[in-house]
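What follows is a short report on a single structure.
The values are calculated or read from the model by the stated rules, or taken from the named source; none is laboratory data. What you are looking at is a predicted structure, and each value in this text was computed from that prediction instead of being measured. Here the Cβ positions follow ideal geometry from the backbone for every residue, glycine too, while neighbour counts run over all protein chains shown. With ligands, DNA and RNA removed, areas are computed over all heavy atoms of the protein, side chains included. Shrake-Rupley method; radii C 1.70, N 1.55, O 1.52, S 1.80 Å.
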Amino acid sequence: MCRVLGYIGEPLAISKLILEPDNSLVNQSYDSDYHHMVQLAGFGLATWKKDTLSANYPFIYKGTKPPFYDRNLQSLCESHETNLLLSHIRAAYYTYEAVVHEHNCHPFIFPGFRLALAHNGWIYGFQEIRFPLLNKCRPEIIQNLEGSTDTEVIYALIMSQVDDPTKDLSVDEILDAINKTVKIILDVQTEYNCEGISVLKLFLADSNDLLVANLGIGYNRQLDVPGDWQKLTNEELQELKSDREKDALYLLKSPVWSLKGKNFGDYDGFKMQSAADEDVRSVIISSEPLTEDVTGWSMVPFQHICFFDNNNGNPKVETKPFPFN
């Protein structure tokens, strides 16, 4: 599975998120604590910084070189600060069919749009239903597609559900677009009799907001999926790796992790100073904690959303069940 990281808050050197912590995003590419695959199919980030020439639009960096060999990435991270970051390491199956190209690197954002998407997971049966899904997108949006991933199609679907994809979208507009997109995927999978798990851990960001939806679809195309992630984590990892159904269920039900507070930095192992809700200055959300000590980290459960509003420098945090309708 891919690894994703989002940050919103006070200015912070990108290196303190991507490079330096014990379980930094780059470290997760080859030594993940929560997934057995090595993620070598591409890296990307989108970063927004206030008081820049284009504060409403991100600086984008993508590459197919393993991030731990990328000196340009190291230099960028050590010399730039961010107020809002969306970063992704892509995993792909070890097969000749995998397409490793910058066009397939996340995050995705089409020209003139403000909302970006990174995704951890997959659409089951995607190769069979790719074109039926594209037929549900607006023509002026799918003309921007460049790659071959299911994530870029999810992005096109989401942006096809809003009246004006170039504007600063509200949270309600984003949630409504996600809701409609999940329904489209379910309807097309039903039409083509695709029965299998789809993992839809969606990280969306613009210059003001960060929204994470930890969603998915079960084997029988159901949204209410049985199984307890905490009990699954007690299974032997070797057994999970040899049993694709258990492995897929484990990934589907796994949480997304968040940390809130202020002054994130190297305080004996990278910690966030705790703060009352009204005094929170920064929020990190990621596929797995960035630190060996998970004290202070919270889980965003399956079929829940976590929304972070910049709120004039005091990020407002809200976690709740996803409002399927």
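What FRET efficiency do you get for E146 and A98 if R0 is 22 Å and r is their Cβ-Cβ distance, rounded to the nearest 0.05?
Working: r = 17 Å, r/R0 = 0.76.
Here the calculated transfer efficiency is 0.85.
Using 0.36 nm per residue of separation minus the Cα-Cα distance, give me the extension gain between N263 and K65 in nm, one decimal. Can you show the working numbers first?
Numbers: separation 198, 0.36 × 198 = 71.28 nm, distance 3.12 nm.
Once the chain is fully extended between N263 and K65, it gains 68.2 nm.
For K231, go through the lysines and keep the ones whose alpha-carbon is under 24 Å away, minus same-chain ones fewer than eight residues off.
K201, K241, K246, K253, K320
Per residue, how much accessible area does segment 148-211 show when a 1.4 Å probe rolls over the protein heavy atoms, in square angstrom?
Details: 1950 Å² over 64 residues.
So segment 148-211 comes to 30 Å² accessible per residue, rounded to a whole number.
Put a dot 7 Å past each Cα toward the Cβ at A13 and N314; how far apart are the dots in nm?
If labels sit at N314 and A13, their model points lie 2.9 nm apart.
When only alpha-carbon atoms are used, what values of Rg and Dmax, in angstrom, describe segment 97-149?
Rg then Dmax for segment 97-149, in Å: 11.8, 32.
Quick one: order M159, M299 from most to least accessible surface, probe 1.4 Å. Working shown, then result.
Working: M159 0, M299 80 Å².
Listed by decreasing accessible area, they come as M299, M159.
May I have the pair-distance distribution P(r) for the chain, computed from all Cα-Cα distances with 10 Å bins from 0 and rounded to whole percent?
6, 28, 38, 23, 5, 0
Dipole of the chain (Lys/Arg Cβ +1, Asp/Glu Cβ -1, origin at the Cα centre): which of G6, F110, L215 lies farthest to the positive side?
Result: F110, furthest along the dipole toward the positive end.
Which residues does a label at K50 reach in segment 287-321, if reach means a backbone N under 16 Å from a point 7 Å past the Cα toward the Cβ?
Label zone hits: 309-316.
Rounded to the nearest 20 debye, what is the charge dipole size of the chain about its Cα centre when +1 sits on each Lys and Arg Cβ and -1 on each Asp and Glu Cβ?
Working: 28 positive and 45 negative charges, 84 e Å.
Using only the charged Cβ atoms, the result is roughly 400 debye.
Mind ordering 272-285, 174-187 by average Cβ neighbours within 10 Å, highest first? Provide the component values of the computation, followed by the final result.
On the way: 272-285: 17.1, 174-187: 19.4.
Packing order, densest peptide first, comes out as 174-187, 272-285.
Which of F324, I305, F59 sits farthest toward the positive end of the charge dipole of the chain, with +1 on the Cβ of Lys and Arg and -1 on the Cβ of Asp and Glu?
Value: F59.
Find which of S274, I141, Y124 sits farthest along the positive direction of the dipole of the chain, computed with +1 on the beta-carbon of Lys and Arg, -1 on that of Asp and Glu, about the Cα centre.
Farthest towards the positive end: I141.
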